[in-house]
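What follows is a single structure, written as structure tokens, with notes after it.
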Amino acid sequence: MAKEIERKFLVRNASYRECADSKATIRQAYLSTDPDSTIRIRTMDSRAFLTVKSRNKGLVRHEWEYEVPYEDAIEMMNSCAVAPAIEKIRYSVGRWEIDEFHAALEGLVIAEIELSSPDEPIGIPDYIGKEVSGDKRYYNSVLSTLSSPPTSDEG
């Protein structure tokens, strides 16, 4: 059983673009937004993935991800999504993944880092702002239901 241990942060500025290793176009929709069993379908450039996640317990949750045919993913998004699809560009900077959201969530930028344990120490780059780990407003499954980005006192 796979586990995901992740911390999330808002991003202060776009300086991460200068040191990005790669970037990908992502479109994802939710087939279930139930916190006990979130089910997501995602296209990433020309590939597609179905992901099931359990409820978070602190920074930890179970996660299962499977590659699926791209055409099937598009059909699932169009036929089964319970909320509009999220559109974003993902920049990879070392272990960090920085998502620039578009469409209804334009202007929102979130950085995530996956850890090997909840207490793993990490270096925080200058472009990283307020931590939002555990703040449900910043879960992608919640973001998919919003018509604009959540408000925060720091970016």
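A few remarks follow.
- Taking every C-alpha pair closer than 8 Å and separated by at least 6 residues, the mean separation divided by the residue count of the chain gives a relative contact order of 31 percent.
- Computed accessible area, Thr33, all protein chains, 1.4 angstrom probe, square angstrom: 50 Å²
- Surface share of carbon and sulfur [accessible, 1.4 angstrom probe, percent] for region 28-142: 52 percent
- Kirkwood hydrodynamic radius of region 43-87, Cα pairs, Å: 11.9 Å
- Estimated at the nearest 10 Å², the accessible area of Leu59 is 50 Å² with a 1.4 Å probe.
- Helix 70-80 vs. the chain, principal-axis angle (Cα, 0 to 90°, nearest 10): 80 degrees
- Compactness index (Cα Rg / 2.2 N^0.38 Å), the chain: 1.00
- Using a probe of 1.4 angstrom and keeping all protein chains present, the accessible surface of the chain works out to 53 square angstrom per residue.
The values are calculated or read from the model by the stated rules, or taken from the named source; none is laboratory data. Quantities reported herein were computed from a predicted structural model and do not represent experimental measurements. Side chains are part of the model used for accessible areas, which takes the heavy atoms of the whole protein and leaves out ligands, DNA and RNA. Shrake-Rupley method; radii C 1.70, N 1.55, O 1.52, S 1.80 Å.
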